[in-house]
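A.B. asks: Attaching a single structure in structure tokens format; questions to follow.
The values are calculated or read from the model by the stated rules, or taken from the named source; none is laboratory data. These figures come from a predicted structure and were not determined experimentally. Here the Cβ positions follow ideal geometry from the backbone for every residue, glycine too, while neighbour counts run over all protein chains shown.
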Amino acid sequence: MRTTLGVFATAFILALFVQHKLSAFPLMHDATDSSVNRPTEGKLAPFVGKKEFDLKPLFKNERFPNIVVSMNGTLIATWGTSSVRAKRSEDGGKTWGEAISICKPGFQTGGLTVDENSGDIIAFVEAKHPPAEISIFRSSDDGKTWQKQETKIEPDSKGNSPSMHMNDHGVTLRHGKFKGRLIRPSRYYAGKNDRSKWPEHYTNAIFSDDGGKTWKTSDPFPANGTGEATVAELSNGTIYYNSRRHWAEDGANPRRRWTAISTDGGVTWNDLTFCKILPDGPQDTNYGLMGGLTRLAVEGKDILIYSNCDSPKGRVNGKVWTSFDGGKTWPIKKQIFSGAFAYSSMTSGRPGTKTDGKIFLHFEGGPKGGSAIATFNLSWLLDGEKTGDGTVPNWVKK
């Protein structure tokens, strides 16, 4: 009996010891509670330090770039048409790991979205060039592994189901009544990429209030002929929408970008505007080109960066344009790469991580073809070419 009691006493003491140790050193996960509690917006100062610019190849072959920064500051770039795969960087873009398969076979549709409520990253995959079956994959460990999830996407107010291809990343809303909502740009294909159907095409967005389990589709963007798009939330909660356009009615220009805004969390779009300063691909064709867009993670400031080619002919001469007033004016532009430059995706670094103060542009082309990553900061952009569309405000320190 005494021996049995001794065994139980020893086990009890050991259990208390283990419990104490666990409480002192709680189990850690890649997407930690502390990561989702980090500030999502910070100061301007990290973006206007010493000038930075770096350009390096990333993926080979195939097409279609996207890029986001996790809550922990891990860069996740995706790519591919035969399969969708990701590469990760944990050191602010200095080095990149090997490709990780998200779905094979699969077709990249863009729209990577970081859920800032949970820290999860959501990727969208279509079975082939759309319209096609859509699958959604989720990563809870900063893009190391991906699991397919069941998802419901409701059609829009016209009864049309959205396609995802090929838009820039989504965002988590940070301000106002709809804080916490996930939203990413999408589109309606009236019939594959048949040019005779272009007048029936339009862009829209899908949004989720339950962490990406179910999605509703917004009303159409208020212009037909639109295709691939970008979104950014401004500091007052307004959503800025910037879209490619294949076709425009007589008297309207399809070779520059078209914009609109939403004040109801992305349900409807208003204030359709022709943005004559921003090109939509080469200026010898109406075909257009997917552009990248990001709002810098600076509290109380609406600094937007837009990417596309600045070319009279051909998908070459990639540049970025900077706005300091939420897309009303774009006073400076700067060259990223003079050679091949096609589809692009762009994101802003996160406060308190190794990406803080940096801007990341993932684009088709670059020095070795395939895709490339350009890393730079606002200081590097500020000595760019003046466009004549507005001025750089005094509060930006050069």
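A.B. asks: For the stretch 362-382, name all the residues that are out of contact with any Leu (no Cβ under 9 Å at 6 or more places or on another chain) and either within 16 Å of ASP168 (Cα to Cα) or in contact (Cβ under 8 Å) with a residue 60 or more places away in the chain (or both).
C.D. replies: Those that are out of contact with any Leu (no Cβ under 9 Å at 6 or more places or on another chain) and either within 16 Å of ASP168 (Cα to Cα) or in contact (Cβ under 8 Å) with a residue 60 or more places away in the chain (or both): PHE363, GLU364, LYS368, GLY369, ASN377, SER379, TRP380, LEU381, LEU382.
A.B. asks: Please find, within the stretch 254-308, the residue that is farthest from the chain's Cα centre (by Cα) out of those that are among the charged types (D, E, K, R) and assigned to a loop (DSSP other than H, G, I, E, B).
C.D. replies: At the first step, the residues of the stretch 254-308 found to be among the charged types (D, E, K, R) are 255-257, 264, 271, 276, 280, 284, 295, 299, 301-302.
In the following step, the residues that additionally are assigned to a loop (DSSP other than H, G, I, E, B) were identified as 255, 264, 280, 284, 299, 301-302.
On the way: ARG255: 23, ASP264: 21, ASP280: 18, ASP284: 28, GLU299: 19, LYS301: 19, ASP302: 16 Å.
Filtering the stretch 254-308 for residues that are among the charged types (D, E, K, R) and assigned to a loop (DSSP other than H, G, I, E, B), the one farthest from the chain's Cα centre (by Cα) comes out as ASP284.
A.B. asks: Among the residues of the stretch 181-196, how many are among the basic types (Lys, Arg) and surrounded by 15 or more Cβ atoms within 10 Å (Cβ to Cβ)?
C.D. replies: First, pick out the residues of the stretch 181-196 that are among the basic types (Lys, Arg): 181, 184, 187, 192, 195.
From the residues that got through so far, the ones that are surrounded by 15 or more Cβ atoms within 10 Å (Cβ to Cβ) too are 181, 184, 187.
Count: 3.
A.B. asks: Looking at the stretch 197-233, which of the residues that are part of a loop (DSSP other than H, G, I, E, B) and of a type in the set (Asp, Glu) is surrounded by the fewest Cβ atoms within 10 Å (Cβ to Cβ)?
C.D. replies: Filtering first and then ranking leaves ASP210.
A.B. asks: Tell me, which strands (runs of 3 or more DSSP E) wholly within the stretch 80-180 include 1 or more residues that are surrounded by fewer than 24 Cβ atoms within 10 Å (Cβ to Cβ) and without any contact (Cβ under 8 Å) to a residue 12 or more places away in the chain? If you could, list the steps in order and put the result at the bottom.
C.D. replies: Working: elements: 84-89, 100-103, 121-126, 134-139, 147-149.
Output list reads 147-149.
A.B. asks: Checking the structure you have, find out if any residue of the stretch 10-32 is surrounded by 19 or more Cβ atoms within 10 Å (Cβ to Cβ), in a loop (DSSP other than H, G, I, E, B) and either touching a Ser or Thr at 6+ places or on another chain (Cβ under 8 Å) or at pLDDT 95 or above (or both). Please lay out each step first, then the result.
C.D. replies: We begin by selecting, within the stretch 10-32, every residue surrounded by 19 or more Cβ atoms within 10 Å (Cβ to Cβ); these are 31.
Next, only the ones that are in a loop (DSSP other than H, G, I, E, B) stay: 31.
Going one step further and asking which of them are either touching a Ser or Thr at 6+ places or on another chain (Cβ under 8 Å) or at pLDDT 95 or above (or both), we end up with 31.
Within the stretch 10-32 (the criterion being surrounded by 19 or more Cβ atoms within 10 Å (Cβ to Cβ), in a loop (DSSP other than H, G, I, E, B) and either touching a Ser or Thr at 6+ places or on another chain (Cβ under 8 Å) or at pLDDT 95 or above (or both)), the answer is yes, since at least one residue qualifies.
A.B. asks: Among what's in the stretch 155-201 and is touching a Gly at 6+ places or on another chain (Cβ under 9 Å) and of a type in the set (Val, Ile, Thr), pick the residue that is farthest from VAL125 (Cα to Cα).
C.D. replies: If we take residues in the stretch 155-201 being touching a Gly at 6+ places or on another chain (Cβ under 9 Å) and of a type in the set (Val, Ile, Thr), then THR172 is farthest from VAL125 (Cα to Cα).
A.B. asks: Taking LEU293, is it at pLDDT 95 or above, in contact with a Phe, Trp or Tyr (Cβ under 9 Å, 6 or more places away or on another chain) and under 23 Å from GLY388 (Cα atoms)?
C.D. replies: Details: at pLDDT 95 or above: yes; in contact with a Phe, Trp or Tyr (Cβ under 9 Å, 6 or more places away or on another chain): yes; under 23 Å from GLY388 (Cα atoms): yes.
Yes: the conditions hold for LEU293.
A.B. asks: Still on this structure: With the structure loaded, tell me whether ASP264 is surrounded by fewer than 23 Cβ atoms within 10 Å (Cβ to Cβ) and modelled with pLDDT under 95 or whether it fails that test. Steps first, please.
C.D. replies: On the way: surrounded by fewer than 23 Cβ atoms within 10 Å (Cβ to Cβ): yes; modelled with pLDDT under 95: no.
No; evaluated as a whole, the condition is false for this residue.
A.B. asks: Same structure again: Consider VAL316 carefully, then state whether it is over 21 Å from THR259 (Cβ atoms), among the hydrophobic types (A, V, I, L, M, F, W, C) and over 16 Å from the mean Cα position of the chain (by Cα). If you could, list the steps in order and put the result at the bottom.
C.D. replies: Working: over 21 Å from THR259 (Cβ atoms): yes; among the hydrophobic types (A, V, I, L, M, F, W, C): yes; over 16 Å from the mean Cα position of the chain (by Cα): yes.
Spelling it out, VAL316 is indeed over 21 Å from THR259 (Cβ atoms), among the hydrophobic types (A, V, I, L, M, F, W, C) and over 16 Å from the mean Cα position of the chain (by Cα).
A.B. asks: Sticking with this structure for a sec: Pick from the stretch 321-352 the residues that are surrounded by 22 or more Cβ atoms within 10 Å (Cβ to Cβ) and polar (S, T, N, Q): which of them is farthest from THR238 (Cα to Cα)?
C.D. replies: SER344
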